[in-house]
Amino acid sequence: MRDRRLPAACPMTASAPTAPTDARDKLAGVLLIAVSASAFGAMAIFARFAYAAGADVYGLLLVRFLLAAAALAWVMRTRGIALPPWRRVLALAAMGGIGYVGQSFCFFSALNHAQASLVALLLYLYPLFVTILAAVFLKERLTTAAVVALVLCSVGAGLTVGGGAGSPLGIALGLAAAVIYSVYIIVGARLTAGVNPIATTTVICTAAALVYGAVGLLRAGAGTPPQFPADAGGWLALAGIALLSTVLAILTFFAGLQRLGAAQASMLSTLEPVVTVALAALLLGEQIGPAQAVGGGLILAGVLWLTRRGSAPAPARADMQGN
C-alpha cells in the first residue's frame, strides 16, 4: 500500500535554497513520481504475463509479498529504520493480513476476468470511495468538489464498464478491490500515524506474505497447491511485480513526495491508470474503445478535481500499489 501518512519533511538548513536548487528539486520530484506511477501502472501488465506463463493468483501473490517484504526489510536495515512498538506492529499486521490481502486478491483475480485497462480504471475509483466513507464514518464534510467528482466518476465508471471487455465477475472484483482498498485507507489513516511509511509497508507486506504462505500450505494439503510460472519470462514478471511495481514504486513515491508535497504528488499519480491503459494496448493488444476512453478520462478528471481541491487523500498504495 502506498501509505497515506507522509514521511517527515527533511529539516531545512539555515539558508534558504536558491531558485535553481528549487527548480532542480521540483524536476527531480516530478521524475520520481512519474517513475513511481509508471511502476505501479505496469503491475497489471506483469500479472497478465505471469498468468500466461502458468502462475495462478495464489502463487503470484505469495512470491510478490515474500520478495517485497525481504527487499523492504533490507532497506529498513541499511537506512537504520526501526520497527514501531509491538502493539502498533500487530495492528499493522492485521491491516496487511486482512485488508491488503483482500484488496490484492480481488485486484489480481479481476485480471483473469477483465481487461487490465478496465480493472485499473475501476480501481482508481478509490479516492472517491475514500471521500464518501470519510464523510459517513469520520464525519468529514462532503464538499462541493466531492459532489462534482462523484458525478464525474459515476458517469465515467458507467462508460468505462460499458466500453471495456470484462465479465460481470471481473467488474465486480475490480469494484470490490476499490472498495476494500478505500476501507483499508480509512483504517490506516489512524493506525499509521507517526510510523515511518517504509516500516509500515514492510510490516504489512510481511503479514500478507505470511497469510498467503499459510493459504498455500492449506491448498497444497488439499491437493491444489499454488501454481508458479513455468518459464523464465513468467518469473521475471513476478520479480517485476515485487521489485519494480512494489519496492521501487514505493521508494520513488516517497522520495518524490518529499520534494513536491502531497497535492502535486497526488495529481501526478493519476498517471498510473494511464500507464496501465497504454501498456495494455501496446503489449497485450487490448482495444481502447471511445466509450472506455471517455469514461477513463472522466474518472481521472474526478480524481484530479478531488486532489486539486484538497478533498481526497493522496493516492496511497504501497503496492499496490495498489494493489
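The values are calculated or read from the model by the stated rules, or taken from the named source; none is laboratory data. If you're wondering where the values come from, they're calculated on a predicted model, not measured in any experiment. When we count neighbours, we look across all protein chains shown, and the Cβ atoms used for this are built from the backbone with ideal geometry, even at glycine.
Looking at region 24-123, what helices (runs of 4 or more DSSP H) fall wholly within it and have at least 1 residues that are closer than 24 Å to residue 232 by Cα?
Filter on region 24-123 gives 43-52, 57-79, 101-110, 116-123.
Kindly check whether there is at least one residue in region 123-141 that is surrounded by fewer than 19 Cβ atoms within 10 Å (Cβ to Cβ), within 14 Å of residue 186 (Cα to Cα), among the basic types (Lys, Arg) and out of contact with any Ser or Thr (no Cβ under 6 Å at 6 or more places or on another chain).
So far as region 123-141 goes, yes, one or more of its residues are surrounded by fewer than 19 Cβ atoms within 10 Å (Cβ to Cβ), within 14 Å of residue 186 (Cα to Cα), among the basic types (Lys, Arg) and out of contact with any Ser or Thr (no Cβ under 6 Å at 6 or more places or on another chain).
Could you tell me whether region 277-296 includes any residue that is under 28 Å from residue 69 (Cβ atoms) and of a type in the set (S, T, N, Q)?
No, region 277-296 contains no residue that is under 28 Å from residue 69 (Cβ atoms) and of a type in the set (S, T, N, Q).
Would you please list the contacts, defined by Cβ atoms under 6 Å and residues six or more apart or on different chains, that run from a residue in region 187-216 that is within 28 Å of residue 132 (Cα to Cα) to a residue that is buried (at least 24 other Cβ atoms within 10 Å of the Cβ) and acidic (Asp, Glu)?
Every condition considered, the pairs that remain are 192/3; 197/3; 200/3.
Among the residues of region 165-182, how many are of a type in the set (Gly, Ala, Ser) and surrounded by fewer than 18 Cβ atoms within 10 Å (Cβ to Cβ)?
Residues that pass the stated criteria total 3.
Would you check if there is a residue in region 49-61 being within 19 Å of residue 112 (Cβ to Cβ), small (Gly, Ala, Ser) and under 19 Å from the mean Cα position of the chain (by Cα)?
yes
Go through region 49-92 and give me each residue that's of a type in the set (D, E, K, R) and touching a residue at least 24 places away in the same chain (Cβ under 8 Å).
56, 64, 79, 88
Only residues that are assigned to a helix (DSSP H, G or I) and more than 23 Å from residue 84 (Cα to Cα): list them for region 182-229, please.
Within region 182-229, 182, 212, 213, 214, 215, 216, 217, 218, 219, 220, 221 meet the criteria.
Give me the pairs, please: first residue somewhere in region 277-299 and within 20 Å of residue 39 (Cβ to Cβ) and surrounded by 15 or more Cβ atoms within 10 Å (Cβ to Cβ), second residue anywhere and of a type in the set (Lys, Arg) and at pLDDT 75 or above, beta-carbon distance under 8 Å, and either six or more positions apart or on two chains.
284/48
Take residue 238 and tell me if it is more than 15 Å from the chain's Cα centre (by Cα), buried (at least 18 other Cβ atoms within 10 Å of the Cβ) and within 21 Å of residue 50 (Cα to Cα).
yes
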